[in-house]
């Protein structure tokens, strides 16, 4: 029993790390130029969308405050630096402690890119927010080298960074070893061979069953009542409990981002209606003569 409780606590603690560690398709690109030439850049809008999905709109579910800004001069160049504090709403009026992040960018100086960079402070702020989000596990697979802009699913542009990509896919022929934390490749089909697995003498694994996708149209037609009812059993004001409810739904189907947003809205309305105190009974009419 104790081991089971510890596992449940661990699952709750790491729920957002697992949700965010893999970046959605189309959200990575190659950095060209500078000290990070050839490295992978992460679209900052993906981070904002992830925070909003989990906690609510900026300013209500999560906030970023600039705690400090300064400049440093070295070798004829000036760098702009910013420290931010990211806070997330844990529900029931409780906010997290500040999650700090420090970022920087070249403001002006000699060498390539001479002149004043009027985007420096904005770039430094974006960099600082990314550092704070890193502590929550966001894009952890990129920082650990398990994902990069060279991956096949990142070659598309204008990718959809919504909820349906939160279930991670490491490629058609790859599986993740959860204990060792690495990747292994399944046997490849021999070129021009009609027999799967002929190259290695092994039988190719059966394809995974295709998951259904819940659309916004289906939700509006009332075809997601069971999912709405399941989610309404969880407490929206309790971040962990609500996140557990969402993960349970995502384990069953894929969702259009708008469909999942609508399901959450309807679940909150259903829960509020169920928990609302009954209306007081009207007093019986006085039929006595005046």
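Key figures
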| read-out | value |
| --- | --- |
| Residues being surrounded by fewer than 16 Cβ atoms within 10 Å (Cβ to Cβ), in contact with a strand residue (DSSP E or B) (Cβ under 6 Å, 6 or more places away or on another chain) and within 17 Å of residue 56 (Cβ to Cβ) - total across segment 210-254 | 2 |
| Residue 24 being touching a residue at least 12 places away in the same chain (Cβ under 8 Å), at negative phi and in a helix (DSSP H, G or I) | no |
| Count - residues of segment 94-125 that are under 17 Å from residue 33 (Cβ atoms) and part of a helix (DSSP H, G or I) | 2 |
| Filter pass, residue 137 being closer than 15 Å to residue 47 by Cβ and either surrounded by 15 or more Cβ atoms within 10 Å (Cβ to Cβ) or not assigned by TED's automatic domain parsing to the domain that holds residue 22 (or both) | yes |
| Count of segment 34-46 residues which are over 26 Å from residue 97 (Cβ atoms), touching a residue at least 40 places away in the same chain (Cβ under 8 Å) and surrounded by fewer than 18 Cβ atoms within 10 Å (Cβ to Cβ) | 2 |
| Near pairs, Cβ below 8 angstrom, 6+ apart or cross-chain, from segment 47-71 (on the phi > 0 side of the Ramachandran plot) to any residue that is crowded, with 16+ Cβ neighbours inside 10 Å and not in a loop (DSSP other than H, G, I, E, B) | 56/62; 56/89 |
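The values are calculated or read from the model by the stated rules, or taken from the named source; none is laboratory data. Everything numeric here is computed off the predicted structure, so don't read it as measured data. Note that we place each Cβ from the backbone using ideal geometry, even for glycine, and neighbour counts take in every protein chain shown.
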